[in-house]
Amino acid sequence: MTREEVLKGIVEILESVRMVDKEALATINEDSDFITDLGLPSTELINIIAKAEDRFDLEFDDDDVDDLDSKVSDTIDLVLKTVNQA
Amino acid sequence: MSRADNLIVGKGPEEVLIYGKPMLFVDEYLWFEPACGIVTVYQVKEKDVKDHFNIFRGVDMLEACGQAGISACTVLECQKAGKSRDELKKIFRFVFLGVDRSRFFDYAKEGDVLIAIGNITSYRFRQMTLDSTLYKVAPNFDYQNYFQNYSIADFNDKVVPTAFTPMATFENMVGRAIKLQKLKMIDT
């Protein structure tokens with residue numbers, strides 16, 4: 001799985017999230033921040049991570065999620081790290 | 001008593017929560033079921049209404065429900081991580097993060113007995129979401145006996161006695177265990 005494929009999957013997830021800033025979503029990139037750029041509350045990040053588990057058919061480690069920051073690249077890193085550990 | 005009650009029911013809130021006495025809004029745990037929710041009780045004290053024209057603050061109603069939820073969060077995380085509450089306290093703080101909608105219906109004063117019922121709607125990655133209702137109990141109602149016989153079906157059907165008057169509801173309350181390191185509280 002490539003970083004571009006993961007980003008595409010994250011965009012698909014975000015398209016179903018009511019609170020996301022749709023204009024910001026159109027220009028999302030790895031440096032985008034879920035909170036400051038996409039307008040999401042910090043509590044929504046866990047829901048996005050849970051959806052990413054389903055979307056990529058993975059099981060994230062709680063400790064990895066604890067350490068996660070709010071940039072899109074951090075979630076891409078988490079997905080790829082978990083894929084490589086599987 | 002439900003089968004999971006012994007995880008928390010009968011324990012003192014000071015064993016579960018880290019709040020100092022003046023900030024603690026749980027007297028007892030009455031009922032708990034990990035897949036459903038938690039029921040706590042708190043009797044409004046003199047210190048809670050002092051300097052607030054003898055009325056229990058709305059924010060403290062929210063806090064009472066929040067502490068019920070955080071208690072459930074603590075027990076679930078202990079189960080999941082296989083650690084004791086004391087071990088967890090050295091790693092995490094259970095932090096109230098948000099609520100979507102609050103509705104208040106009445107006020108409470110010193111001596112009122114308040115029951116918080118928290119319905120857990122999700123628990124993922126150490127983050128809990130729950131819907132809570134706070135009730136005032138009619139004087140002399142034996143709530144302890146009532147919840148000894150409370151079933152999961154009662155809980156799911158939101159069955160409460162007529163002796164309970166709704167005081168407030170809080171939708172989508174969110175709390176999460178956050179590592180002390182992340183909170184920059186590692187030395188506390």
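Summary table
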item: Filter result (out of contact with any Leu (no Cβ under 9 Å at 6 or more places or on another chain) and either outside any loop (DSSP other than H, G, I, E, B) or at pLDDT below 95 (or both)) within the stretch B:127-139; result: B:Thr129, B:Leu130, B:Asp131, B:Thr133
item: Residue tally, condition under 20 Å from B:Gln127 (Cα atoms) and outside any loop (DSSP other than H, G, I, E, B), over the stretch A:34-71; result: 20
item: Residue list for the stretch A:44-72, filter: under 13 Å from A:Ile13 (Cβ atoms), of a type outside the set (A, V, I, L, M) and in contact (Cβ under 8 Å) with a residue 24 or more places away in the chain; result: A:Glu44, A:Asn47, A:Lys51, A:Arg55, A:Phe56
item: Test: A:Glu5 is farther than 25 Å from B:Gln181 by Cα and out of contact with any strand residue (DSSP E or B) (no Cβ under 7 Å at 6 or more places or on another chain); result: yes
item: Residue pairs meeting the criteria (Cβ under 8 Å; at least 6 apart or on separate chains; first under 18 Å from B:Arg124 (Cα atoms), in the stretch B:76-103; second surrounded by fewer than 13 Cβ atoms within 10 Å (Cβ to Cβ)); result: B:Cys78/B:Ser84; B:Arg93/B:Leu183; B:Arg93/B:Met185; B:Val95/B:Leu183
item: Lone qualifier among A:Asp74, A:Asp31 - being in a helix (DSSP H, G or I), among the acidic types (Asp, Glu), away from chain B (no Cβ under 11 Å) and under 14 Å from A:Leu7 (Cα atoms); result: A:Asp74
item: Single residue of the stretch A:41-61 satisfying the filter (within 12 Å of another protein chain (Cβ to nearest Cβ) and touching a helix residue (DSSP H, G or I) at 6+ places or on another chain (Cβ under 8 Å)) that is nearest to B:Gly98 (Cα to Cα); result: A:Ile46
item: Residue that is nearest to the other protein chains (Cβ to nearest Cβ), among those in the stretch B:114-132 that are surrounded by fewer than 21 Cβ atoms within 10 Å (Cβ to Cβ) and hydroxyl-bearing (Ser, Thr, Tyr); result: B:Ser122
item: Single match in B:Leu30, B:Leu17, B:Leu7 (criterion: buried (at least 17 other Cβ atoms within 10 Å of the Cβ), more than 14 Å from chain A (Cβ to nearest Cβ), modelled with pLDDT under 95 and farther than 22 Å from A:Thr43 by Cα); result: B:Leu7
item: Residues (more than 12 Å from the chain's Cα centre (by Cα), assigned to a helix (DSSP H, G or I) and within 18 Å of B:Gly20 (Cβ to Cβ)) located in the stretch B:67-118; result: B:Arg85, B:Asp86, B:Lys89
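The values are calculated or read from the model by the stated rules, or taken from the named source; none is laboratory data. Please read all numbers here as calculations on a predicted model, not as lab measurements. A quick note on method: Cβ atoms are made from the backbone with ideal geometry, for glycine too, and the neighbour counts reach across all protein chains shown.
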